[in-house]
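One structure is given below, encoded as structure tokens.
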Amino acid sequence: VMALTGVALSVQPAQERLAAPSASMGMISVAALAEAAKAQHAEIDKITKTASGSVIVSYFEGDKAGADLIDPAAGRVIGPHTPSATIRFVTNLHRSLLLGTAGRVTAGLGALAMAVLTITGAMLLAARLGGWSALLKPIRGSARQRWHAQAGRLAIIGLLLTAITGCFLSLTSFELIPDGSADPAATSSAGGGERASVGNLSALKAIDLADLRELAFPYAADPTDTYRLTTAAGVTQIDAATGEALSFQPHSTARQVYELIYMLHTGQGLWPLGLLLGLS
């Protein structure tokens with residue numbers, strides 16, 4: 001079940017990348033994108049750029065929440081963002097077998113079992129061929145034996161990467177290894193005053209869209225609330241009236257390690273790797 005759902009999920013990064021509008025991200029500032037989004041929605045909750053390059057604007061219209069996909073080059077709405085219920089189901093099946101905590105434990109043990117099978121299989125193959133240096137030599141035996149050994153040999157690296165990263169993610173889900181998300185976030189308050197146009201905020205003008213992960217907008221009812229900008233480097237709080245950066249907190253090493261492992265396991269942000277893992 002884990003292997004088949006993993007294969008299904010492995011194509012998602014490539015599909016999302018193909019569906020994402022092509023744009024020269026480095027030529028678009030976060031301020032310009034936010035200004036274009038603000039022109040279409042009066043109250044924005046946040047702007048998110050996914051690992052595939054898709055830009056999603058979450059907004060409120062009265063008491064109703066919504067989300068749109070936006071073309072960053074044209075600054076226009078492409079259509080509503082509607083996550084696939086099928087992908088959500090497959091993801092939950094892959095991570096927990098739809099069994100809650102017991103399923104997450106089982107999935108983690110399954111990843112460990114795959115790592116053990118892959119390592120011991122490689123050891124058996126090396127012993128059969130006459131040493132590790134002989135792993136790339138032709139394999140003798142019956143057709144069934146050759147197919148098993150040749151397919152396993154091609155899949156070794158992908159299986160090991162998937163299994164070991166899966167074990168790591170399982171351990172972080174039970175907080176046995178830190179993922180950096182519990183690190184205290186920097187908090188600051190602005191001095192208040194009339195808010196400037198988001199397109200004129202200097203701290204946002206200096207950030208290319210390629211570096212954006214998320215821009216959370218301040219609450220309309222709170223004049224001291226700030227913009228919260230998340231990039232690959234860390235989190236910056238920005239005064240909504242002056243456009244100045246009030247504080248910056250870099251991502252912890254634990255968070256950087258977690259995000260790297262997550263990318264290597266899922267292929268999110270590295271879609272060719274996702275396809276190779278699916279083949280493995």
Expected output is a single nm value to one decimal: the length gained when fully extending between A14 and I56, i.e. 0.36 nm times separation in residues minus the C-alpha distance. What is it? 13.3 nm
Per DSSP H run of at least 4 residues, take -39500 (n - 2.57); add these up for the chain, divide by its residues and hand me the 222 nm value, nearest 500 deg cm²/dmol. -14500 deg cm²/dmol
When a/c reaches 1.5 or more, the comparison of a/b and b/c decides; with that in mind, is segment 124-275 rounded, prolate or oblate per its Cα gyration tensor? prolate
So what does F248 come to for accessible area, using a 1.4 Å probe and Å² rounded to 10? 110 Å²
Spelling it out for E43: with amide H atoms placed in the peptide plane at 1.01 Å from N, the residues 5 or more places away or on another chain with amide H under 5 Å from its amide H are F60
What does the extension gain come out to for A221 and I87, with contour length at 0.36 nm per residue minus their alpha carbon separation? 44.6 nm
Using heavy-atom solvent-accessible surface (probe 1.4 Å) with all chains present, what is the largest-first order of W271, W132? W132, W271
Picking from S133, S173, S202, which is most flexible by a Gaussian network model of the chain using Cα springs under 10 Å? S133
Judged on accessible area alone, 1.4 Å probe, highest first, T226, T82, T48 line up as T82, T48, T226
Over the chain, with the other protein chains present, what is the accessible area per residue in square angstrom, probe 1.4 angstrom? 56 Å²
Ordering K64, K205, K49, K38 by the accessible surface of their heavy atoms, 1.4 Å probe, largest first, yields K64, K205, K38, K49
The ³J(HN,Hα) series, computed from each phi in segment 52-59 with the Karplus coefficients 6.51, -1.76 and 1.60 at θ = phi - 60°, rounded to the nearest Hz and given as x for glycine or proline, is 7, x, 5, 10, 10, 10, 9, 9
Among G62, G166, G199, whose mean-square fluctuation peaks in a Gaussian network model of the chain (Cα, cutoff 10 Å)? G62
With every protein chain in place, the accessible area of L270 for a 1.4 Å probe, in Å² rounded to the nearest 10, comes to 70 Å²
In segment 82-210, if the dipole is taken from +1 on Lys/Arg beta carbons and -1 on Asp/Glu beta carbons about the Cα centre, which of I139, A196, V105 is farthest to the positive end? I139
Just read off the accessible area of F60 with the full protein assembly in place, 1.4 Å probe, to the nearest 10 Å². 80 Å²
Which lysines, on any chain, are close to K205 with Cα under 16 Å apart, when same-chain ones fewer than 8 places away are left out? K38
Would you mind checking which residues have amide H under 5 Å from Y227's amide H? H placed 1.01 Å from N; only 5 or more apart, or other chain. I238, A240
In a Gaussian network model of the chain with springs linking alpha carbons closer than 10 Å, the residue among M114, M123, M263 that fluctuates most is M123
In debye, nearest 20, what is the charge dipole magnitude of the chain about its Cα centre with +1 on Lys and Arg Cβ and -1 on Asp and Glu Cβ, if you could check? 1920 debye
Show me the helices of the chain, taken as full DSSP H stretches, that run 24 Å or more along their long axis by Cα and average -0.5 or above in Kyte-Doolittle hydropathy. 100-129, 143-173
Please report, to one decimal in angstroms, the Kirkwood hydrodynamic radius of the chain built from all distinct Cα-Cα pairs. 21.6 Å
When only Cα pairs under 8 Å and 6 or more residues apart are kept, what is the percent relative contact order across segment 60-202? 17 percent
If I take every Cα pair under 8 Å that is 6 or more residues apart in the chain, average their sequence separation and divide by the length, what percent do I get for the relative contact order? 24 percent
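The values are calculated or read from the model by the stated rules, or taken from the named source; none is laboratory data. Note that the coordinates shown come from a computational prediction; the quantities given were computed from them, not determined experimentally. Neighbour counts run over all protein chains shown; Cβ positions are idealised from the backbone, glycine included. These area figures cover heavy atoms from the full protein model, side chains too; ligands, DNA and RNA do not enter into them. Shrake-Rupley method; radii C 1.70, N 1.55, O 1.52, S 1.80 Å.
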